[in-house]
Amino acid sequence: MTTPVIRPPEAVVEIAARLEAAGHETWCVGGAVRDALLGQADLDWDLATAATPGEVKRLFHRTVPVGIEHGTIGVFGSDARLHEVTTFRADVETDGRHAVVKFGVSLDEDLARRDFTMNAIAWSPLRQELRDPFGGREDLHARRVRAVGNAARR
C-alpha cells in the first residue's frame, strides 16, 4: 500500500511541531487517523508523545490536566479547540477497563495497548510517516475488526 496523505488541522500540526522542536517524538493517534484513512473528517485529533505531562505544560501556555494520572494534558490549539496530548504509555496492570500505566515507553508499546488494530495506527504530520505495527490499515480496508494482541487476554 502507498503511504496516504493525512492532513490534520493546522493547530494539531503546530502542537506536534512545538513538541518535536523541543526533542519529543510526537504522533497523531486514534480515531481521527482511522477516520482520515477512510476519507472521513474528524475534528477530535489526539497526539501521543515522548514528552511527560510536566514537559507538555511547560511548552504550552493554555493547558488543562484532563487525565493527568494517565499522562493526558489538554492543549488549546490556535483553533481554540482542546487537543489531548498523552505521554507514551504501557499497561502495567489492567482489569479490562481500568489500567495502571507506566510512562517512558516507545510509540509501538503505546499502540500495543489500544483496543483494535484500526485504532493502533499513528501518523507523523511532520515526517508524513504512517506507523501501523499491527496491520490496522489492511484490516480497515478489509472491513475487519481485530483486537491488538491476544483478544482472549484483553
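A few remarks follow.
- Output for the range 67-77, where each listed residue is under 17 Å from Thr26 (Cβ atoms) and assigned to a strand (DSSP E or B): Thr72, Ile73, Gly74, Val75, Phe76
- Scope the range 78-104; condition surrounded by fewer than 19 Cβ atoms within 10 Å (Cβ to Cβ), touching a helix residue (DSSP H, G or I) at 6+ places or on another chain (Cβ under 6 Å) and either in a loop (DSSP other than H, G, I, E, B) or modelled with pLDDT of 95 or more (or both); matching residues: Ser78, Asp79
- Qualifying positions in the range 105-127 - without any contact (Cβ under 8 Å) to a residue 24 or more places away in the chain and in a loop (DSSP other than H, G, I, E, B): Val105, Ser106, Arg127
- Applying the condition of being touching a residue at least 60 places away in the same chain (Cβ under 8 Å) and assigned to a helix (DSSP H, G or I) to the range 128-140 and asking which residue is nearest to Ile6 (Cα to Cα) yields Arg137.
- Test: residue in the range 25-37 that is touching a Phe, Trp or Tyr at 6+ places or on another chain (Cβ under 9 Å), under 15 Å from Ser124 (Cβ atoms) and among the β-branched types (Val, Ile, Thr): yes
The values are calculated or read from the model by the stated rules, or taken from the named source; none is laboratory data. These figures come from a predicted structure and were not determined experimentally. We place every Cβ from the backbone using ideal geometry, glycine too, and count neighbours over all the protein chains shown.
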